């Protein structure tokens, strides 16, 4: 699968540094007990320049760059929670399977389940192959409130769709990243 990725980063250090070092790793921040949305990794917006700019405004106080690249999402490494129903159902089954491990885990955030499954797959021979994914793709619905992008399917029915999804792509490690034509916008 191919797409355009937008990576937002601080402008500190200048254009050359940003272009040379992008993408930047998003780590677990132990002091805050905070994991990034899809676990540790390298993050991109899936072809969403406007969201990349908003992220720069929010997280870097308007002192940011957006680096655009063509991304290749290797199918056998991709857990697609946006457009692959089979992946979604498999991931739900894994959540159910591992939710009994510890009291309260059923309420764990998605990022913690992904991190747990990556660790089990990579470090526990009993679970080798259970979670071979190194690329994650998911939709964040938290900021989908702009009325202009909400469209009803049929006027008298309640069903609708959202035509500007906020889709996140995370590469768990550098080896899984395939960037082409990297440039600062």
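Each reported figure results from applying straightforward, stated rules to the coordinates on display, with no laboratory input. This one's a predicted model, so the numbers in the text were calculated from it and none came from an experiment. When we count neighbours, we look across all protein chains shown, and the Cβ atoms used for this are built from the backbone with ideal geometry, even at glycine.
Modelled spin labels at residue 62 and residue 182, positioned 7 Å past Cα toward Cβ, are 2.8 nm from each other. Panel order for 116, 79, 49, by other beta carbons found within 10 Å of each beta carbon, from fewest to most: 49, 116, 79. Each Cα pair under 8 Å and six or more residues apart adds its sequence gap; the mean of these over the residue count of the chain is a relative contact order of 30 percent.
Note on region 2-184: antiparallel DSSP beta bridges, both residues inside, total approximately 90 percent of the bridges counted.
Among 31, 167, what is the fewest-to-most ranking by other Cβ atoms within 10 Å?
In increasing order of surrounding Cβ atoms, one gets 31, 167.
The spread of Cα positions in the chain, taken along each principal axis and listed from longest to shortest, comes to 51, 46, 34 Å.
Neighbour counts of C-beta atoms inside 10 Å place 45, 108, 58 in the sequence 58, 108, 45, starting with the fewest.
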